[in-house]
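Following: one structure in structure tokens, then a few remarks.
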Amino acid sequence: MVLRTAKHHIMKQKVLCIVAGILLVAIGSLAYFFLYGTKSYSPEATVVYEQGGTRVSVFYNRPYKKGRQIFGSLVPFGKVWRTGANEPTQLETNVPLKFQDQALPAGRYSVWTIPGEQSWTVILNSEIPRWGINFTGEATRNPQTDVVKVEVPVMHHEKEVVEQFTILLEKSGEEMQLTFLWDQTLVAVPFTAQ
């Protein structure tokens, strides 16, 4: 009887070890997919503006249109968007910047937008959360840590479609521009180095 109980106990331990191993492999596979697998659908990119002593860079993930209606559907109007895929877009500057009348100290910031049909609100926030959305798909931006919040007009291209979400940093006269392009939408945010 004691031998039978010991064999039963050993068999239980083996089954538990196998189940634990399967769970670890499944969790590891899911983690790998979320960390690296989604990058193939929305690859990472970094755009840099550098002139004189000013260096501004934006790190972001670039989803594709793939025949979908983007703004007002996939990216709803009037809701905070993490401005890309996979994780929050990040802007880093080595010098203070000025967006409209708002100062942005040198540092690294998350970039959030609230798209609208006629204008977008563009937000630079001092917190950079890991994913930028929760399990329900809602943005995890903390409004208490917003540093810059500006509203800019939207331009629509009737004939040109941008397949992959694109961010540009460009010089435009005395100002620089942070430009968002996707589908038939273009939004340009002017700023200057202080």
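The values are calculated or read from the model by the stated rules, or taken from the named source; none is laboratory data. Quick caveat: nothing in here was measured; it's all calculated off a predicted structure. Cβ atoms come from the backbone with ideal geometry, glycine included; neighbour counts cover every protein chain shown.
Just a few scattered comments:
- For segment 164-189, the tally of residues that are surrounded by 14 or more Cβ atoms within 10 Å (Cβ to Cβ) and touching a residue at least 40 places away in the same chain (Cβ under 8 Å) stands at 14.
- Evaluation of residue 137 against (1) farther than 18 Å from residue 72 by Cβ; (2) small (Gly, Ala, Ser); (3) loosely packed, with under 14 Cβ neighbours inside 10 Å (one fails), failing number: (1)
- Residue check, residue 95 modelled with pLDDT of 95 or more and either closer than 20 Å to residue 64 by Cβ or assigned to a strand (DSSP E or B) (or both): no
- The number of residues in segment 149-185 being at pLDDT below 95 and in contact with a Gly (Cβ under 8 Å, 6 or more places away or on another chain) comes to 0.
- From the list 131, 112, the one residue that fits, being among the hydrophobic types (A, V, I, L, M, F, W, C), within 16 Å of the chain's Cα centre (by Cα) and outside any strand (DSSP E or B), is 131.
- Qualifying residue in segment 51-60 (condition: at pLDDT 95 or above, within 24 Å of residue 131 (Cα to Cα) and assigned to a loop (DSSP other than H, G, I, E, B)): no
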